[in-house]
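Novice: After the structure tokens below, expect a handful of questions from me.
The values are calculated or read from the model by the stated rules, or taken from the named source; none is laboratory data. The structure presented is a predicted model; accordingly, all values stated were derived computationally and were not measured. When we count neighbours, we look across all protein chains shown, and the Cβ atoms used for this are built from the backbone with ideal geometry, even at glycine.
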Amino acid sequence: MALDSWVLTSVEARGYGGIGGNAQTLKLDRPVVVLVGPNGSGKSTWVSAIEWAFFGELSFGNDFSIDELRGNRAEAHRVYMHEGCSETEVVLRLRRGSSTMVWRRVRRRQKPQATHDEVTCMIDGSPVAADPAEVLGITPDIFSRAIAPRQTSLQALISSEDKDRNAALDQLFGIERLNTLTVGLSRARDELSKRVRELEGRFDAMASRLREEVARRFDRRSDARSKGLEAGIDAGELTLEGARLLIASLSRALSVDLPTALGNISSLQTAHRHLRSAADQLWSRPGPQDRLNRLTRFKTAVGGARDRWQNAIDAFKGTSATLEDLRVGKGSEEVVRNAVDEAERWLNDIEDQLSAASKRAAVLAKARDWLREHEHAAGDELDCPVCERPMVAQELEHLVDAAIEALQAEDGEIARLNTERQKADDTLRETKEKQRQLERATGDASDAEEEASARRKELVDALQTALDMWAAEMVDESEKPIAERCARALKAGQRPRRRGDEGSEDDEAVDAELRETLAAGENVLASTREELAKASKETEALRERVIAIQRLVEFLEAAEQLDALDGDVAGDDLMAARVSLQAIQEWKETLRIVTSVAGDVSVAMAEERVGAVSPKISDWFGRISRHDRLKGARVYVETSRTGGIVKNAYRVRAVDPAGSWEVAPGPMLSGGYQTVLTVAALCALADVDAGGHQLGLLILDEPTQSLDPEMSQQMGNVLGVSAPAPTTVVTTTDKAFADAVVQGAGAGRSKLVPLKRWTAAQGTRFEGEGE
Amino acid sequence: MESLLEQLSEKLKREIDDTERLAAAQEVAEAVIEALSNPNASPDGIKEAAIAALGDAIERADSAVAAAERRLRGE
């Protein structure tokens, strides 16, 4: 046992587990202390108080986790607190030479998580960080397996030889760190290999992409060069200086002040953007195109309206002439109307005459018929039906016949009257036809006059619209005379009108003004077209120069990007990566050697370590064993090299004195002797300080499991005689075993601490004064 | 730990002739033994210590490759 271990001298507890609210102290003032008492009396509570004080909770291995109680909530952490106590306190006092250590943990019910515990560590009155690993080199695993191993751990210590054995057990044998070293180095080597593979993969991929990118950029530069040449740039101008000259020239032509000095591609791009913007503005500036548009609209609207007006006037004049000709040829409307009336009267008169003649003829015919129907003697007189004078019947008959003849003969009165009526009828029809022609010509003339008036109004509207257009839009100087003429024409056109004014001299004056206005507009239109064609050529030339600069800048950019690949990527980055990769490869080889050497060294040291422990285990086993043949034990190292990882594993065997019979824990070794082998291993390890910690304490909790009374007494005696640790605490329910321990150790080196049966009212209590 | 380091150093001297490589190996050995002296030493902790002993070679290579990759992407 190392001399620099801390020795636990007392445990003071209140409110912990079954220990009530009154503080009690377990004095560990002898090398061997045996806690003896019935089941549930609190023996394990006292030894667990030591672990709780150091770590704030108890390690139950894989069998139990406090988090399983109720998640990780506060209530779960109160399981260590005595019911009814507001706080729990455990104070450990330790000694090393003349130094003292006081370790104290307090838990309060309101904040029962370990992180809220008040934990202090004072060494020689000075506070130090309360870190068990730092102060004593212990962890929960080391404590639960090397200092206070539980029953299951005791068995596992010797029986677990499989590959997943707990590293803490390896640490007991002092080979855990060697395994950690070799495994860690192997992992480092694997990690390094992985990183190198990854980096080399990226490097190769990047080199491949670089080749592709160089080819792509080369093509892009060639393409940009071709476009530059197509844009009219000489091959000799495809330089930065060439770009500067072109840009300076165009900026003068466009009167653009460039904002930056032309030092690099970026500044060239900026300058190009400014020039392009200026060229675009020039293109979109109101000028000849707008004037052309306005004059075209004016020509179309006013010219069209004027043509339609003039056509209407011509039509009106034509109808007026026709009417006048009719009047001249056929008389005025009044004359014709009188002629019609006269013809109508004439016809009516003839009709009356004809009617009277017909009536007379009918009467005469009736008289003749009467005369012919009545027999008359010669000389009979009759009253003439016409003159009513008495006449001889025969004479009268002759007279009637003659009258009828005069009326109805071919040249008789009725025939004459019919002829006369025909003439009158023809005359009436002719005069009415004249009347209709006059009426039609008058209507045509009136319609034509209305049409001319409407077209005139349309013309006035067109003139007004044109003037409004010029008023609304920017009017060029060349358009002003046209606009003024237009205004005069409008004024003339708006003068008051009378019927019959259409086509008058006044209209001719308006038309004359219009013709001159349209002619002036046509002149300006023609000049505008010429001006526009010229401006378009100039603008097109500027745009071509802008495009040429763009092509040149694109070429320079492509060239720069190609150069950057050759320089920065291929030259600098890739070279730096290659050098670094080579350095890593060197390191990888170095690490391989270190790993190999560390593996060899760890094997040698593990063998050395277990070689030191092995005689001790054999000694302890031999002293406890009552076996007829198995009187010793042996520990040795088995080294595995898997995937380059060197790992050491211990093997514990019970052996006969000659070493010819070796029994591994398992079916060939009884449970009792497995317990003996385990306790022997623990005692030997505590003896040689194999745990690597600085806490001189070994707690054997019920170590007599599976032992018969004789073996139990033998073990107790041996433990008493050879206390394996500076402080060895043994708990047992076996009074005979306890007595054997104390008897073996002697009264001066040991003491028995009996506990009373636990009660809810009083909790865990020691028997005797002061305990 | 001192004993372990001494044994490592001695064996490394026997294994490595090249002075520069031996110095590098000694540097790794010291780094991992220092990490091993930590009570909570773990294989991963040793691995990290050994990798860290390489210095920034990996980072340099990674940075160089990454820089080239960025340039290739036009960033």
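Novice: Could you grab me the full set of residues in the stretch B:32-57 that are modelled with pLDDT under 80 and closer than 17 Å to A:GLU198 by Cβ?
Specialist: Answer for the stretch B:32-57, where residues must be modelled with pLDDT under 80 and closer than 17 Å to A:GLU198 by Cβ: B:LEU54, B:ASP56, B:ALA57.
Novice: Right, next: Determine which single condition A:ALA205 fails, assuming it passes every other condition in (1) at pLDDT 85 or above; (2) buried (at least 18 other Cβ atoms within 10 Å of the Cβ); (3) within 12 Å of another protein chain (Cβ to nearest Cβ).
Specialist: (2)
Matching residues to (1) in contact with a helix residue (DSSP H, G or I) (Cβ under 6 Å, 6 or more places away or on another chain); (2) away from every other protein chain (no Cβ under 14 Å); (3) assigned to a helix (DSSP H, G or I):
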residue	(1), (2), (3)
A:ARG609	no, no, yes
A:SER614	no, yes, yes
A:ASP619	no, yes, yes
A:ARG623	yes, yes, yes
A:HIS627	no, yes, no
A:GLU638	no, yes, no
A:ASN648	yes, no, no
A:VAL652	yes, yes, no
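Novice: OK, next. Consider the stretch B:46-74. How many of its residues are part of a helix (DSSP H, G or I), out of contact with any Gly (no Cβ under 6 Å at 6 or more places or on another chain) and within 7 Å of another protein chain (Cβ to nearest Cβ)?
Specialist: Adding up the residues that qualify gives 14.
Novice: Output the residues belonging to the stretch A:579-599 that are at the interface with another protein chain (Cβ under 7 Å from one of its Cβ atoms) and either touching a residue at least 40 places away in the same chain (Cβ under 8 Å) or among the hydroxyl-bearing types (Ser, Thr, Tyr) (or both). Spell out the reasoning first.
Specialist: The first filter runs over the stretch A:579-599 and keeps only residues at the interface with another protein chain (Cβ under 7 Å from one of its Cβ atoms), leaving A:580-581, A:583-584, A:587, A:590-591, A:593-594, A:597-598.
A:SER580, A:LEU581, A:ILE584, A:TRP587, A:THR590, A:LEU591, A:VAL594, A:ALA598 - these are the residues of the stretch A:579-599 that are at the interface with another protein chain (Cβ under 7 Å from one of its Cβ atoms) and either touching a residue at least 40 places away in the same chain (Cβ under 8 Å) or among the hydroxyl-bearing types (Ser, Thr, Tyr) (or both).
Novice: Inspect all residues belonging to the stretch A:549-559 and state whether any of them is free of Cβ contacts under 8 Å to residues at least 24 places away in the same chain and either outside any helix (DSSP H, G or I) or at negative phi (or both).
Specialist: no
Novice: What are the pairs with Cβ atoms under 6 angstrom where one residue, in the stretch B:29-43, is more than 7 Å from chain A (Cβ to nearest Cβ) and the other, located anywhere, is part of a loop (DSSP other than H, G, I, E, B) and at pLDDT below 80? Sequence gap at least six, or different chains.
Specialist: B:ILE33/B:MET1; B:SER37/B:MET1
Novice: Still on this structure, please answer the following. Against the condition at pLDDT 90 or above, in a helix (DSSP H, G or I) and among the hydrophobic types (A, V, I, L, M, F, W, C), how does B:LEU12 come out, does it pass?
Specialist: On the way: at pLDDT 90 or above: yes; in a helix (DSSP H, G or I): yes; among the hydrophobic types (A, V, I, L, M, F, W, C): yes.
For B:LEU12, the condition - at pLDDT 90 or above, in a helix (DSSP H, G or I) and among the hydrophobic types (A, V, I, L, M, F, W, C) - is met.
Novice: Can you pull out the residues in the stretch A:684-711 that are within 23 Å of A:LEU28 (Cα to Cα) and at pLDDT 85 or above?
Specialist: Residues satisfying the conditions are A:GLN694, A:LEU695, A:GLY696, A:LEU697, A:LEU698, A:ILE699, A:LEU700, A:ASP701, A:GLU702, A:PRO703, A:THR704.
Novice: Between a residue in the stretch A:325-352 that is in the same structural domain as A:LYS423 (by TED's automatic domain parsing) and under 14 Å from A:GLU433 (Cβ atoms) and any residue that is not hydroxyl-bearing (Ser, Thr, Tyr) and not in a helix (DSSP H, G or I), which pairs come within a Cβ distance under 8 Å, given they are 6 or more apart or on different chains?
Specialist: A:ALA339/A:GLY331
Novice: Looking only at the stretch A:12-40, count how many residues are part of a loop (DSSP other than H, G, I, E, B) and in contact with a Gly (Cβ under 9 Å, 6 or more places away or on another chain).
Specialist: Final tally of qualifying residues: 10.
Novice: Please verify whether A:ARG551 is within 37 Å of the chain's Cα centre (by Cα) and either under 30 Å from A:ALA681 (Cα atoms) or more than 14 Å from every other protein chain (Cβ to nearest Cβ) (or both), treating the condition exactly as stated. Quick ask: steps written out before the conclusion?
Specialist: Values: within 37 Å of the chain's Cα centre (by Cα): yes; either under 30 Å from A:ALA681 (Cα atoms) or more than 14 Å from every other protein chain (Cβ to nearest Cβ) (or both): yes.
So A:ARG551 passes the test.
Novice: Another question, if that's okay. Using the structure shown, decide if B:ALA41 is outside any helix (DSSP H, G or I) and of a type in the set (Gly, Ala, Ser).
Specialist: Against the criterion (outside any helix (DSSP H, G or I) and of a type in the set (Gly, Ala, Ser)), B:ALA41 qualifies.
Novice: Output the residues belonging to the stretch A:215-246 that are surrounded by fewer than 16 Cβ atoms within 10 Å (Cβ to Cβ) and within 38 Å of the chain's Cα centre (by Cα).
Specialist: A:ALA215, A:ARG216, A:PHE218, A:ASP219, A:SER222, A:ASP223, listed by residue number.
Novice: Suppose we filter A:ALA261, A:ALA305, A:ALA271 for residues that are out of contact with any strand residue (DSSP E or B) (no Cβ under 6 Å at 6 or more places or on another chain), over 27 Å from A:ALA471 (Cα atoms) and in a helix (DSSP H, G or I); which single one remains? Show your work before the answer.
Specialist: Details: A:ALA261 fails: in a helix (DSSP H, G or I); A:ALA305 fails: over 27 Å from A:ALA471 (Cα atoms).
So the residue among A:ALA261, A:ALA305, A:ALA271 that is out of contact with any strand residue (DSSP E or B) (no Cβ under 6 Å at 6 or more places or on another chain), over 27 Å from A:ALA471 (Cα atoms) and in a helix (DSSP H, G or I) is A:ALA271.
Novice: Hey, another quick one. Against the conditions (1) under 50 Å from the mean Cα position of the chain (by Cα); (2) outside any loop (DSSP other than H, G, I, E, B); (3) at pLDDT below 85, where does A:ASP164 fall short? Just the number, please.
Specialist: Failed condition: (2).
Novice: Name every residue in the stretch A:78-105 that is closer than 19 Å to A:GLY18 by Cα, surrounded by 16 or more Cβ atoms within 10 Å (Cβ to Cβ) and of a type outside the set (D, E, K, R), in order of residue number.
Specialist: The answer is A:TYR80, A:MET81, A:HIS82, A:CYS85, A:THR88, A:VAL90, A:VAL91, A:LEU92.
Novice: If you don't mind, another one. For A:GLY763, which of the numbered conditions (1) among the small types (Gly, Ala, Ser); (2) surrounded by 19 or more Cβ atoms within 10 Å (Cβ to Cβ); (3) touching a helix residue (DSSP H, G or I) at 6+ places or on another chain (Cβ under 6 Å) fails to hold?
Specialist: (3)
Novice: With the requirement that a residue be over 16 Å from A:LYS588 (Cβ atoms) and more than 7 Å from every other protein chain (Cβ to nearest Cβ), what does the stretch B:1-21 give you?
Specialist: Of everything in the stretch B:1-21, those that are over 16 Å from A:LYS588 (Cβ atoms) and more than 7 Å from every other protein chain (Cβ to nearest Cβ) turn out to be B:MET1, B:GLU2, B:SER3, B:LEU5, B:GLU6, B:SER9, B:GLU10, B:LYS13, B:ARG14, B:ASP17, B:THR19.
Novice: Across the stretch A:440-462, which residue is surrounded by the fewest Cβ atoms within 10 Å (Cβ to Cβ) among those that are charged (D, E, K, R) and touching a residue at least 24 places away in the same chain (Cβ under 8 Å)?
Specialist: The residue in question is A:ASP447.
Novice: Return the residue satisfying two criteria in turn: it lies in the stretch A:623-653 and is in contact with a Leu (Cβ under 7 Å, 6 or more places away or on another chain) and in contact (Cβ under 8 Å) with a residue 60 or more places away in the chain, and of such residues it is surrounded by the fewest Cβ atoms within 10 Å (Cβ to Cβ).
Specialist: A:ASN648
Novice: How many residues does the stretch A:105-143 hold that are away from chain B (no Cβ under 13 Å) and over 27 Å from A:CYS85 (Cα atoms)?
Specialist: Filtering the stretch A:105-143 down to residues away from chain B (no Cβ under 13 Å) leaves A:105-128, A:130.
If we keep only those that are over 27 Å from A:CYS85 (Cα atoms) as well, we get A:123-128.
Going through the stretch A:105-143 one residue at a time, the tally reaches 6.
Novice: Based on this model, can you work out whether A:ALA577 counts as surrounded by fewer than 21 Cβ atoms within 10 Å (Cβ to Cβ) and either modelled with pLDDT under 85 or within 30 Å of A:PHE203 (Cα to Cα) (or both)?
Specialist: Numbers: surrounded by fewer than 21 Cβ atoms within 10 Å (Cβ to Cβ): no; either modelled with pLDDT under 85 or within 30 Å of A:PHE203 (Cα to Cα) (or both): yes.
For A:ALA577, the condition - surrounded by fewer than 21 Cβ atoms within 10 Å (Cβ to Cβ) and either modelled with pLDDT under 85 or within 30 Å of A:PHE203 (Cα to Cα) (or both) - is not met.
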